Structure formats: C-alpha cells, structure tokens
Amino acid sequence: MTLPIPLDYAPMEAKSVASLPEGDAWQFEPKWDGFRCLAFKDAADVHLRSKSGQPFERYFPEIVAAVADLPATRLVLDGELVIPEGDALSFDQLLMRIHPAESRVRKLAHEHPARYVAFDLLVDANGQSLVELALAKRRDALERFAARAFAKAPAFRLSPATRSRADVERWLATSGDGIDGIVAKRLDAAYRSGDRTGMQKYKRVRTADCVVGGFRYGSKTRVVGSLLLGLYDDEGLLHHVGFTSNIPREQRETLTAKLEKLVQAPGFTGRAPGGPSRWSTERSGEWEPLRPELVVEVRYDHVSGGRFRHGTAFVRWRPDKAPRQCTFEQIRQPPAGSLKLD
C-alpha cells in the first residue's frame, strides 16, 4: 500500500478511569458498543482492521463496499463497527458476523447491515498523514470530510463530540443500550498509536439484585467458584443473565455448604446456562441448580441481549429482598435518545 501508515498500525487506546477528567483540555465522545475498526482506502484497495490487527473484510462486506465508494482516493479512518437493532445496538449481531461461511455473512449483512461510526481521521482524502496533529485539528478535518462524504453514504455516521459535561450527562441518561460509557481525549494530543496516555474511558457501573439460580464449583475443587444469576420476566420465568465469581475467599467454604443444601432442579425455569458463552469468558461445564431462595446484589457495566455482557462484581447478600422482586425491570434501558443510530 502507498498510504503513509501501515495496515498493522495500532489504534490509540484508552486508560480505564473511575471518573471523567475535569477542565477544558478534554473532548468527550460516546463509547460505542461495537468493534473498534481502522478503515484503510488506497485507490481500489480497501482493508478493515480490528483493534488487534485482524482483518474484518470478509465479515463486513457492506462496509468494504461503502469505504470503496467514499469520495477519496486515499484515507484512513478510525471508528467503530456497530449494528443497529430497533432502538439499540446489537453486539449479538456483531458476534454472529464472525462466521466461517461467506453465504451466512452476506445474508446477515443484508438483514442487519452494519454502520461505521467515525471518530478520527488519520489520513485525509489527499493521502496526507494527520497523526502528528493535535486532536482538535484532526477533528476539524474529520468534520469537514464527513460533511461532504457521509451525506450520500448511509453506512457512515460521524460520532458526536463535545466539551460540555452537560452533554455527557445527557448521553449517559438517554442513550439506552447504544453506548456503555464515555471516552475523554486530550484536545492537544497527537494520535498516539498503541498508547493510552492521551485517552481515558469511563464506564457506567450500576447494581442489580439477582436470584442465585445455580452455582458452579471451582476448577478441580468442591468449593463454589461462581454464582449463576437470574432475573424473572413478566411471565414469572427465571432466566439466567450472568455470573459473579469474586465471592470473598473467607466465605466460600461456608457458602458451599449452604448452597449444597439448596440444590434442586430446575434452578432456572426460562433461559438456562448452557455451554461456552459468547457473552463472557466463564468456563463452561456442569452446574448445580438451586431453589430460588437467595438474592445477591451485583455491580455490572453493560447489558446486551438481556444478559450481563461481562462478569459481575459481588456487592452483598440481600436477605431482605424477595426473589420474585428480582425482575428484568431493574436492567431495562430507556429508548435511545439523541445518540440513536438509524
């Protein structure tokens, strides 16, 4: 390729923080619920690269075609691949794209087309590298390009950016499942490939009370390793929604004895734990069903497809809470507001 940056160019990354930075040196953007992706165009050649440098072209053919149609001979964009579904973004649909059969991928691309949400311009339409410029100048260049290129390119969206904390609070309050946090970027920072010093990410952390519908023993032990969490739907069915494994070590042996006295099928009366989960890295295997008597409060950062995306954090037991009070209403998100991608 004749582009000024290579295909294995590592994207700039963000440091996780517990709170957003203060001051006027920062720009804030939504943290989109998708796949990070660098899009390269060099004449007729188009390449999509994941955060780890893996090719995405065969999984998102509609985005390859859309990049090819952009009015630029050469350019490199940094952004996020997302798939809108109703008023939310579906991470499940994204995961379904990583499929070995080309026919299946093209069917999914037709039924649920992806969008590319652009938030940085690394090489402009003239083939000039912008990575040494400050973010403020790169953002100006991106906005100018988007104004003339994205209007007739329905696969592309310009990611909003603001310096106002009021805007940030509104995004967090009204965005539903569209985002799972906020990214703060230094306005004076160049694009720091593979580095985390100029960017911070803040994730919303919420709590929910869940029924313990089952548990798994730890690896090579008969002591509890993780609690399987459930929530009731409107029909009174208990669905598996995730797990928590950071149970205090000093409680584990006593808790195991308590759980073993509650073992009783079926545990979950709706969706039950299965094999390997696309939603977490929790090991698969056998699990023990429990009578739905115990309630635990957990912290979580994101919900997608009616499940906790990642493992949750144990907060405390809730003996004061009736299991049937643990419903999906706790984790339902409001409809997407100003950040809706249609």
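The values are calculated or read from the model by the stated rules, or taken from the named source; none is laboratory data. Given the structure is predicted, the values throughout are model-derived calculations rather than measurements. Note that we place each Cβ from the backbone using ideal geometry, even for glycine, and neighbour counts take in every protein chain shown. For accessibility, only protein heavy atoms count, side chains too; no ligands or nucleic acids. Shrake-Rupley method; radii C 1.70, N 1.55, O 1.52, S 1.80 Å.
A compact table of results
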read-out: Filtered residues of segment 64-118 (kept if of a type in the set (V, I, T) and free of Cβ contacts under 8 Å to residues at least 60 places away in the same chain); value: V64, V67, T73, I83, I98, V105
read-out: Some residue of segment 265-274 being touching a helix residue (DSSP H, G or I) at 6+ places or on another chain (Cβ under 7 Å) and at pLDDT 95 or above; value: no
read-out: Residue that is surrounded by the most Cβ atoms within 10 Å (Cβ to Cβ) [pool: residues in segment 100-117 that are over 19 Å from R49 (Cβ atoms) and under 20 Å from the mean Cα position of the chain (by Cα)]; value: L108
read-out: Wholly within segment 166-219, strands (runs of 3 or more DSSP E) carrying at least 3 residues that are touching a residue at least 40 places away in the same chain (Cβ under 8 Å) and under 17 Å from the mean Cα position of the chain (by Cα); value: 179-186, 199-203
read-out: Top-ranked residue in segment 12-67 [being among the basic types (K, R) and modelled with pLDDT of 95 or more; ranked as nearest to V123 (Cα to Cα)]; value: K41
read-out: Hey, L121 in a strand (DSSP E or B) and in contact (Cβ under 8 Å) with a residue 12 or more places away in the chain or not; value: yes
read-out: Residue in segment 11-25 that is most open to solvent (accessible area, probe 1.4 Å), counting only those that are in contact (Cβ under 8 Å) with a residue 24 or more places away in the chain and farther than 22 Å from D180 by Cβ; value: D24
read-out: Residues of segment 320-342 satisfying the condition of being modelled with pLDDT under 90 and more than 22 Å from the chain's Cα centre (by Cα); value: D320
read-out: Any chance A44 is farther than 18 Å from G194 by Cα, surrounded by fewer than 19 Cβ atoms within 10 Å (Cβ to Cβ), more than 19 Å from the chain's Cα centre (by Cα) and touching a residue at least 12 places away in the same chain (Cβ under 8 Å); value: yes
read-out: Counted residues, segment 248-268 - those being part of a loop (DSSP other than H, G, I, E, B) and of a type in the set (A, V, I, L, M, F, W, C); value: 3
read-out: Of all residues in segment 53-87 being in contact with a strand residue (DSSP E or B) (Cβ under 9 Å, 6 or more places away or on another chain) and open to solvent by 60 Å² or more (accessible area, probe 1.4 Å), the one that is nearest to S103 (Cα to Cα); value: P55
read-out: Output for segment 124-143, where each listed residue is part of a helix (DSSP H, G or I) and either small (G, A, S) or touching a strand residue (DSSP E or B) at 6+ places or on another chain (Cβ under 9 Å) (or both); value: L135, A136, R138, R139, A141, L142, E143
read-out: Qualifying residues in segment 204-253 (those that are charged (D, E, K, R) and either crowded, with 17+ Cβ neighbours inside 10 Å or in contact with a helix residue (DSSP H, G or I) (Cβ under 9 Å, 6 or more places away or on another chain) (or both)) - the one nearest to V298 (Cα to Cα); value: D209
